[in-house]
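K.L.:
One structure, as structure tokens, below. Some questions next.
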Amino acid sequence: MSADEQIRLLREILKWIRFVGAKEVRGVLEGTLDSEQKRLVYHLSDGGRGAVEIGKAANISDRTVRRYWESWARLGIMEPMKVGGGERYKKSFELEDFGIEVPQVASTSGQVEKRSQPDADEEGGH
Amino acid sequence: MGSTSPDRLEAVDAQRERRTTSSQTTPESSRTERLLSEIATYLRISAAAQARAKAKSLIDSFEKATVYSKLDGVTAQAQIEADTKVPNQTISDWLRQFVRAGLVSPPGEFHKRPKALFTLDELDISLEALGGRVKRKRKAALDRGISLTQGTIGPEQ
């Protein structure tokens, strides 16, 4: 089987698994992200932003962001990734896909929405 | 998403995939990895949701939950016994129950010791809550002048 065929097959499998699993995933997301602040932290955790940057946007400490990340990873809705000498987490799902409203980022941190490059120097690991 | 058709989702997915892979140097392998990773994530969450009820009825004590959380596919049973103070035979009995319930995979090709398929968080089982329950049971027993040394191990009596 060629690489293209494999990818096409995987896409097809994913399509149906998403369809079947959507209800469960939405349940976990809604149950876990039970405040606007948590939803914002989750939404901003795209792997490109560090805990400090997200903490500022959500008005919480970077330590709290990391605590959320670890807890959400244990639930299977985030995945860890290596950045520089530390570790950062990336959301596994897009809230919009599940009809969950994405909170607006405060205007003071409007720059957060524009950034996408890793900022490894702020990651100290755990 | 439940009301969204699989085909629309596939289109959105393909769009995201193009965005993701356009900035990467090995498009084929990274696309495969990304798809496999997402498939695994969905399967895991769906499976955890199905296993939750059974897990909650089976993992009903602090000690049992602690033992379950230590089944990483690497740690030896003797080490788990030393860490948790749960007798070896009890651990063996629980392992059989866990495997039968589909909560633990037996040793195999990828890991040489039993491995928990889920985290306690995924199963919505809280060690803290179970610990609190043990304390309450101990206190109630003490109030009645009964020793509960055995009662904390295994299902609630």
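The values are calculated or read from the model by the stated rules, or taken from the named source; none is laboratory data. This one's a predicted model, so the numbers in the text were calculated from it and none came from an experiment. With ideal geometry, Cβ positions are generated from the backbone for all residues, glycine too; neighbour counts draw on all protein chains shown.
K.L.:
Would it be correct to say that A:ALA73 is of a type outside the set (Val, Ile, Thr), more than 16 Å from B:THR41 (Cβ to Cβ) and in contact (Cβ under 8 Å) with a residue 12 or more places away in the chain? Spell out how you get there, then give the answer.
P.N.:
Numbers: of a type outside the set (Val, Ile, Thr): yes; more than 16 Å from B:THR41 (Cβ to Cβ): no; in contact (Cβ under 8 Å) with a residue 12 or more places away in the chain: yes.
Considered against the rule, which asks whether it is of a type outside the set (Val, Ile, Thr), more than 16 Å from B:THR41 (Cβ to Cβ) and in contact (Cβ under 8 Å) with a residue 12 or more places away in the chain, A:ALA73 comes out as no.
K.L.:
Under the condition of being surrounded by fewer than 16 Cβ atoms within 10 Å (Cβ to Cβ) and touching a residue at least 12 places away in the same chain (Cβ under 8 Å), which residue from segment A:80-93 is farthest from the other protein chains (Cβ to nearest Cβ)?
P.N.:
If we filter segment A:80-93 for residues that are surrounded by fewer than 16 Cβ atoms within 10 Å (Cβ to Cβ), which is where we start, we get A:80-82, A:84-85.
From what is left, the residues that are touching a residue at least 12 places away in the same chain (Cβ under 8 Å) are A:81, A:84-85.
Values: A:MET81: 11, A:GLY84: 18, A:GLY85: 22 Å.
By that ranking, first place goes to A:GLY85.
K.L.:
Check off (1) part of a loop (DSSP other than H, G, I, E, B); (2) in contact with an Asp or Glu (Cβ under 8 Å, 6 or more places away or on another chain); (3) modelled with pLDDT under 95 for B:GLY108 and give me the number that stays unchecked.
P.N.:
(2)
K.L.:
Within segment A:1-13, count every residue that is at the interface with chain B (Cβ under 7 Å from one of its Cβ atoms) and either basic (Lys, Arg) or closer than 18 Å to B:ALA48 by Cα (or both). Explain how you work it out, then say what you get.
P.N.:
Taking segment A:1-13 as the starting set, the residues that turn out to be at the interface with chain B (Cβ under 7 Å from one of its Cβ atoms) are A:3, A:6-7, A:10-11, A:13.
Checking which are either basic (Lys, Arg) or closer than 18 Å to B:ALA48 by Cα (or both) leaves us with A:11.
Going through segment A:1-13 one residue at a time, the tally reaches 1.
K.L.:
Take B:LYS85 and decide whether it is of a type in the set (Lys, Arg) and either under 13 Å from B:ASP124 (Cβ atoms) or surrounded by 17 or more Cβ atoms within 10 Å (Cβ to Cβ) (or both).
P.N.:
Values: of a type in the set (Lys, Arg): yes; either under 13 Å from B:ASP124 (Cβ atoms) or surrounded by 17 or more Cβ atoms within 10 Å (Cβ to Cβ) (or both): no.
Taking the combined requirement at face value, the residue does not satisfy it.
K.L.:
Looking at this structure, is A:ILE17 within 14 Å of another protein chain (Cβ to nearest Cβ) and either part of a loop (DSSP other than H, G, I, E, B) or surrounded by 17 or more Cβ atoms within 10 Å (Cβ to Cβ) (or both)? I'd like the intermediate steps shown before the answer.
P.N.:
Working: within 14 Å of another protein chain (Cβ to nearest Cβ): yes; either part of a loop (DSSP other than H, G, I, E, B) or surrounded by 17 or more Cβ atoms within 10 Å (Cβ to Cβ) (or both): yes.
Here the answer is yes, as A:ILE17 does meet what is asked.
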